[in-house]
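Asker: Before I ask anything, let me first share the structure, which is written out below as structure tokens.
The values are calculated or read from the model by the stated rules, or taken from the named source; none is laboratory data. Here the structure is a predicted model, which means the values were calculated and not measured. Glycine gets a Cβ as well: all are built from the backbone with ideal geometry, and neighbour counts include every protein chain shown. Surface areas here come from the heavy atoms of the whole protein model, side chains and all, with no ligands, DNA or RNA. Shrake-Rupley method; radii C 1.70, N 1.55, O 1.52, S 1.80 Å.
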Amino acid sequence: MQLNFINTNADEIFNETLKSIENELDETLADGDERKIFLKSLMPILVGISNKINDTANQNLLENARNEKLDAIAENYHSTNRLQATYSFCKGVCKLSKVLEEDILIKAGTKITPDGIAIFKVRNDVIIPKGELEKEIVLIASSTGSKYNGYEVGKINYLIDPIAYVEKIYNTSISASGADVEDDKTYRERARLEIESKSTAGTEGAYEYFAYSADPSITGVKIISPSPGVIKILIVVDNGEIPSDEILNKVYNECSPRDRRPLTDKVEVGTPEVKKYNIELTYFLDKNFPTKEGKWRKAIEGEKLDCKTGAIRDFVKWQQEEIGKSINPDELRYKIQDSASYEVEERKVSGIRRINLIYPEHTKIKENELAKVENIKIVYGGME
């Protein structure tokens, strides 16, 4: 919430300033007086200065601080540092063209690409012993950021640095765990949780704070106690993806020190159980707006009508961003109707005539489960 520390209303600032000037001059300025006209011309500057002062004052509060000001408040008053960007990585395999009678060294830094733009490297030196055909490796992005996440199995497969006898190198898991520098909203929420970390009584908020602080790619944390004295921390990354063992180990190391938990708490870290669901529906658009048909379809099904973006994908991300969130078809209906809408007299009206929704059905899931979509079937029924 933005507080008004000083007045920013243009009319009130003008009237107050005019009254002050007239009191000093001991006369009333007429509308055509050049001094009054000059004062009016200064209003954009005075209002701008007032807004700047107001914004500066608001940034003394954690809720409204941004960028380096937020860093200063979070670090000095909440002992919380902004998480820096991390590298995306994935498992992979290096395969030789034939079995050899000598060891083959795959040097760290050997470059592979999925598309000629994004570059991945072999993380550590790997030796393929004589008599073996392949060896597991780890591929890591050449630079930080979430843009390197999501490359499907086998897509990172073009070898930039050729190696004798190496037939191919490719990924065997989806690239994940890359993250951008922590954004203001996430950083602010984590700083608010910091007060919970002062407790060693095993509060839910304390475990959440330390878990989120382990890695910036972590986007969901659920604290459960499956049995007395046992605390299980469930983690998801990249808005609903299952984390790697490396991320889980980071969380465990962050949450298990004796000065961060009760002596009797046994801390376990894991991933939620995946609850699969399908999306199947047919939707119809308003025939009174034929020129918006293409735009609305893309808003619902994505630019290429493949549901990789658009309202359907927004629902998928919303559904899987929180562990234990029940499957809610009403939210899917809302996102579709909201994406295909228009304004009438400052009122938003949906361009959707009707939606025949077959799946999903409303399903309550357990606190340790995560709803993830399996199949998507969207049919456009036309305009009516």
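Asker: Kindly provide the set of residues from segment 192-226 that are open to solvent by less than 60 Å² (accessible area, probe 1.4 Å) and among the polar types (S, T, N, Q), ordered by number.
Answerer: Ser197, Ser199, Thr203, Ser213, Ser217, Thr219
Asker: Among the basic types (Lys, Arg), within 30 Å of Glu204 (Cα to Cα) and under 25 Å from the mean Cα position of the chain (by Cα): does that describe Lys275? Talk me through it step by step, then tell me what you get.
Answerer: Details: among the basic types (Lys, Arg): yes; within 30 Å of Glu204 (Cα to Cα): yes; under 25 Å from the mean Cα position of the chain (by Cα): yes.
Here the answer is yes, as Lys275 does meet what is asked.
So that you can scan it fast, the table gives a plain yes or no per residue for (1) touching a strand residue (DSSP E or B) at 6+ places or on another chain (Cβ under 6 Å); (2) under 30 Å from Thr113 (Cα atoms); (3) of a type in the set (Gly, Ala, Ser); (4) modelled with pLDDT of 90 or more:
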{"site": "Asp161", "(1), (2), (3), (4)": "yes, yes, no, yes"}
{"site": "Glu194", "(1), (2), (3), (4)": "no, no, no, no"}
{"site": "Glu204", "(1), (2), (3), (4)": "yes, no, no, no"}
{"site": "Glu208", "(1), (2), (3), (4)": "yes, no, no, yes"}
{"site": "Ala211", "(1), (2), (3), (4)": "yes, no, yes, yes"}
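Asker: Condition first: closer than 21 Å to Gly220 by Cα, charged (D, E, K, R) and in a helix (DSSP H, G or I). Now tell me which residues in segment 314-335 satisfy that.
Answerer: Asp314, Lys317, Glu331
Asker: Give me the pairs, please: first residue somewhere in segment 169-186 and touching a residue at least 12 places away in the same chain (Cβ under 8 Å) and within 8 Å of Pro216 (Cβ to Cβ), second residue anywhere and among the hydroxyl-bearing types (Ser, Thr, Tyr) and part of a loop (DSSP other than H, G, I, E, B), beta-carbon distance under 7 Å, and either six or more positions apart or on two chains.
Answerer: Pairs that qualify, where the first residue is touching a residue at least 12 places away in the same chain (Cβ under 8 Å) and within 8 Å of Pro216 (Cβ to Cβ) and the partner is among the hydroxyl-bearing types (Ser, Thr, Tyr) and part of a loop (DSSP other than H, G, I, E, B), are Ala179/Ser217.
Asker: Is there a residue being under 30 Å from Ala206 (Cβ atoms), surrounded by 14 or more Cβ atoms within 10 Å (Cβ to Cβ) and acidic (Asp, Glu) anywhere in segment 44-62?
Answerer: no
Asker: To continue, here is another question. Can you give me the number of residues within segment 280-299 that are buried (at least 19 other Cβ atoms within 10 Å of the Cβ) and assigned to a strand (DSSP E or B)?
Answerer: 3
Asker: Go through segment 336-384 and tell me which strands (runs of 3 or more DSSP E), entirely inside it, have 1 or more residues that are polar (S, T, N, Q) and surrounded by 13 or more Cβ atoms within 10 Å (Cβ to Cβ). Explain how you work it out, then say what you get.
Answerer: On the way: elements: 341-344, 347-350, 352-359, 369-383.
Fully inside segment 336-384 and qualifying: 341-344, 347-350.
Asker: If I ask for residues that are charged (D, E, K, R) and over 25 Å from Ala85 (Cα atoms), which ones from segment 219-259 would you list?
Answerer: To start, the set of residues in segment 219-259 that are charged (D, E, K, R) comprises 222, 232, 238, 241, 245-246, 250, 254, 258-259.
Answer for segment 219-259, where residues must be charged (D, E, K, R) and over 25 Å from Ala85 (Cα atoms): Lys232, Arg258, Asp259.
Asker: Given (1) among the hydroxyl-bearing types (Ser, Thr, Tyr); (2) farther than 30 Å from Arg188 by Cα; (3) surrounded by 13 or more Cβ atoms within 10 Å (Cβ to Cβ), identify the lone condition not met by Ser41.
Answerer: (3)
Asker: Sticking with this one: List the helices (runs of 4 or more DSSP H) that sit entirely inside segment 1-71 and contain at least 1 residues that are over 41 Å from the mean Cα position of the chain (by Cα) and without any contact (Cβ under 8 Å) to a residue 40 or more places away in the chain.
Answerer: Numbers: elements: 10-25, 34-41, 43-58.
Filter on segment 1-71 gives 10-25, 34-41.
Asker: Being closer than 30 Å to Lys232 by Cα and in contact with an Asp or Glu (Cβ under 9 Å, 6 or more places away or on another chain) narrows it down to one residue among Tyr359, Tyr277; which is it?
Answerer: On the way: Tyr359 fails: closer than 30 Å to Lys232 by Cα.
Every option except Tyr277 fails the conditions.
Asker: Another question, then. In segment 231-259, what count of residues is obtained for those that are surrounded by 13 or more Cβ atoms within 10 Å (Cβ to Cβ) and either over 23 Å from the mean Cα position of the chain (by Cα) or part of a loop (DSSP other than H, G, I, E, B) (or both)?
Answerer: Within segment 231-259, residues that are surrounded by 13 or more Cβ atoms within 10 Å (Cβ to Cβ) and either over 23 Å from the mean Cα position of the chain (by Cα) or part of a loop (DSSP other than H, G, I, E, B) (or both) number 9.
Asker: Going through Val99, Val181, Val166 one at a time, which residue ends up being among the β-branched types (Val, Ile, Thr) and under 23 Å from Asp245 (Cα atoms)?
Answerer: Sole residue among the options that is among the β-branched types (Val, Ile, Thr) and under 23 Å from Asp245 (Cα atoms): Val181.
Asker: Shifting gears a bit: Of the residues Ser244, Ser213, Ser225, Ser197, only one is free of Cβ contacts under 8 Å to residues at least 12 places away in the same chain and touching a Lys or Arg at 6+ places or on another chain (Cβ under 9 Å); which?
Answerer: On the way: Ser244 fails: free of Cβ contacts under 8 Å to residues at least 12 places away in the same chain; Ser213 fails: free of Cβ contacts under 8 Å to residues at least 12 places away in the same chain; Ser197 fails: free of Cβ contacts under 8 Å to residues at least 12 places away in the same chain.
Going through Ser244, Ser213, Ser225, Ser197 in turn, just one is free of Cβ contacts under 8 Å to residues at least 12 places away in the same chain and touching a Lys or Arg at 6+ places or on another chain (Cβ under 9 Å): Ser225.
Asker: Among the listed residues Gly270, Gly310, Gly302, identify the single one that is surrounded by 13 or more Cβ atoms within 10 Å (Cβ to Cβ) and in contact with an Asp or Glu (Cβ under 6 Å, 6 or more places away or on another chain).
Answerer: Exactly one residue qualifies, and that residue is Gly310.
Asker: If you don't mind, there's one more thing I want to ask. Looking at (1) in a loop (DSSP other than H, G, I, E, B); (2) among the aliphatic types (A, V, I, L, M); (3) more than 26 Å from Glu208 (Cα to Cα), find the lone condition where Leu263 falls short.
Answerer: (3)
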